[in-house]
1. Let me check something: with ligands and nucleic acids excluded, how do 424, 385, 185 order by accessible area (1.4 Å probe), largest to smallest?
2. Calculated FRET efficiency, residue 421 and residue 210, Cβ-Cβ r, R0 30 Å, to nearest 0.05?
3. Determine the dipole magnitude for the stretch 249-347: charges of +1 sit on the beta-carbon of Lys and Arg, -1 on that of Asp and Glu, nothing else is charged, the reference point is the Cα centre, and the result goes in debye to the nearest 20.
4. So if I place +1 on the C-beta of Lys and Arg and -1 on the C-beta of Asp and Glu, and nothing else carries charge, what would the dipole magnitude of the stretch 340-412 be about its Cα centre? I want it in debye, nearest 20.
5. Treat the stretch 148-212 as a sphere of radius equal to its Kirkwood radius over Cα pairs and apply Stokes-Einstein at 10 °C in a medium of 1.306 mPa s; give the translational diffusion coefficient in µm²/s, rounded to a whole number.
6. Obtain the nm distance between the two label points defined at residue 517 and residue 219 by a simple spin-label model: each point lies 7 Å from its Cα along the Cα-to-C-beta direction.
7. For the stretch 281-391, what does the alpha-carbon gyration tensor say about shape, rounded, prolate or oblate, given a ≥ b ≥ c as the root eigenvalues, a/c under 1.5 as rounded, and a/b over b/c as prolate?
8. Using a 1.4 Å probe and counting only protein heavy atoms, arrange 222, 328 so the residue with the most accessible area comes first.
Amino acid sequence: SVLTRASGLLDSLRYPLPRRAASMPAVAEMPGANSTDSPLSADLVEECGRPASQEENRSAASASVEMMPKDPPGTAFSCKTFLVYAGPGWLMSLAYLDPGNLESDLQSGAYTGYSLIWVLFLCTLSGLVLQILAARLGTVTGRNLAQNCRAGYSRGTSLTIWIMTEIAIIGSDMQEVVGSAIALKTLFGWPLWLGSLFTGLDTFTFMAIHYFGKRILELFIFALVMMMMVCFFTNFSLSPPPFMDLLGGFEFGCPSYAALQLVGTVGAVIMPHNIYLHSALVQSRGVDRQDHAHMSQANKYNMLDSAVALFISFLINAALLTSFANGFFVEDCARAEDGPLACVPGVACTGSDCTLCTSGEGLRGFCGEIGLDQGGDSLLLLLGKNGKLGEKLFALGVLAAGQASTMTGTFAGQYVMEGFLEWKVPIWLRTLITRSIALGPAVVVALATADQPNLNNTVNQWLNILQSVQLPFALLPVLHFCSDTEFMGQFALRRRWQALCWGLAATVIGVNVYLVLDRVVGSPWWAWALAAVFFIAYGAFISVIIRSDLKRMFVGARACLPSVRRAEGPAAPLNS
């Protein structure tokens, strides 16, 4: 009709789509598109390489893409422009505040005191580097990481990466469901299984906000982050730690009892599916990909958006860590034979191996495990007359974290499935699928840990290990694509940044090896056999993902050798 055509024309004028970058090759021109190393199906090349129709462009522009303004030449920073770009970083930062992270924070504080604050800071900083890479990839290529994986790797490799990412999403979903159930138990006295069911169902209510527009959703996310900040900072102020002890936590060092908690923090902080999510979120901010200055500006403001959001998330995590370090850390418990443990007040202990302790606040208790399930009760005893307030604020903060991070997992799953498989699944159906898969194990964990809260801590630790093991399957692809000039053009990473990022990747892989070996030490022979099979398969698949990068590094190293030899001059005689 005439009205429909007129409406579409107005939408296209209001939200012009960014044009294709000259530096961004078509899919058929991408590395491996016509090679035997990384074959692409003809239908994929045709689908990804064809130009979008006017109707598709109009629909995408009006539905999800908002064209970003361009600063005048010579403008280093514009607060107004920054606020227009802000939003994706806050949604991304929720994965750094999920219940799994919060439990890792309180355990780091209660088990190791202030000694690992610097680890939390470096892990958050490392996460920022990865999120900047993800945002850069999405902005420059116009495709998220999952879509680039489908285009740049063979079908078998991309499907395997997709499966690994889905496993990570389901594992994170379990932590969010159980964490929210623990918060509901503390707030209203609900049993864990009922809280798990309620959390699984109320996700649809929160996801409905998405249909009111992305700006409303981002504002809601910002409000949840601020709620967490108020809750945990209030508890921090009710029992403030000594300033010098807090400052000493930024000094590099690791007591022997803190080694395992240190490597566990790496797996807890950075979520693999979050890298896929961020590369897709930034595409809601449209840029002209034929304009180098406009893309540079987008990369700058996306970086600032991520940095501010992750700095706030670090403050929230650090506030929780230091609150529990001040109240429940005792070095004798940390050095216990089956430790590190915390000094948990009011815990009944009836075994011969019970160890009495007195916390820094003068509360008597026993050395034992602590987690989200015991966190509220422990604060109730620690804070005295403010105990009830501290308990409820703690539970409210955990509930906000669980509900907010649920949305990041659902959106990440949506982008991952569409990117790897090109399945256009409605978000409500995607939510139903992931929730159904995660809800069963979550309810089983809730029922099994109703009378054994320490079992819940063990399950959460294994889920953090799972996230850490899956992390290279997001880290290595984003590093691979961001280092490739055929994908990124002049926005490809320079060599010194590549060296830094590859060093980060090697550290993560080393941490995973340590975590797995630590779990099999003292196990029977068949456990070692399984670990050996795991390491072989793990290493083989990682080598497949970075095969072209290894080849490029090898060629570069060989090219450097002749120049080094020429600089050294002829070899001296042996008898000289």
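1. Working: 424 160, 385 195, 185 75 Å².
Reading off the accessible areas and sorting them downward yields 385, 424, 185.
2. Working: r = 21 Å, r/R0 = 0.70.
Efficiency, from the Cβ-Cβ distance: 0.90.
3. On the way: 4 positive and 8 negative charges, 84 e Å.
Using Cβ point charges on Lys, Arg, Asp and Glu, the stretch 249-347 gives about 400 debye.
4. Values: 4 positive and 6 negative charges, 57 e Å.
It comes to approximately 280 debye.
5. Numbers: Rh = 14.1 Å.
Estimated diffusion coefficient is 113 µm²/s.
6. 5.3 nm
7. Numbers: a/c = 4.28, a/b = 3.07, b/c = 1.39.
Note, shape of the stretch 281-391 comes out prolate.
8. Working: 222 80, 328 0 Å².
The residues order as 222, 328, largest area first.
The values are calculated or read from the model by the stated rules, or taken from the named source; none is laboratory data. Computed from a prediction, not measured in an experiment: that's the story for all the values here. Positions of Cβ are backbone-derived with ideal geometry, glycine not excepted, and every protein chain shown enters the neighbour counts. Please note that ligands, DNA and RNA were not included when accessible areas were found on the heavy atoms of the full protein model with its side chains. Shrake-Rupley method; radii C 1.70, N 1.55, O 1.52, S 1.80 Å.
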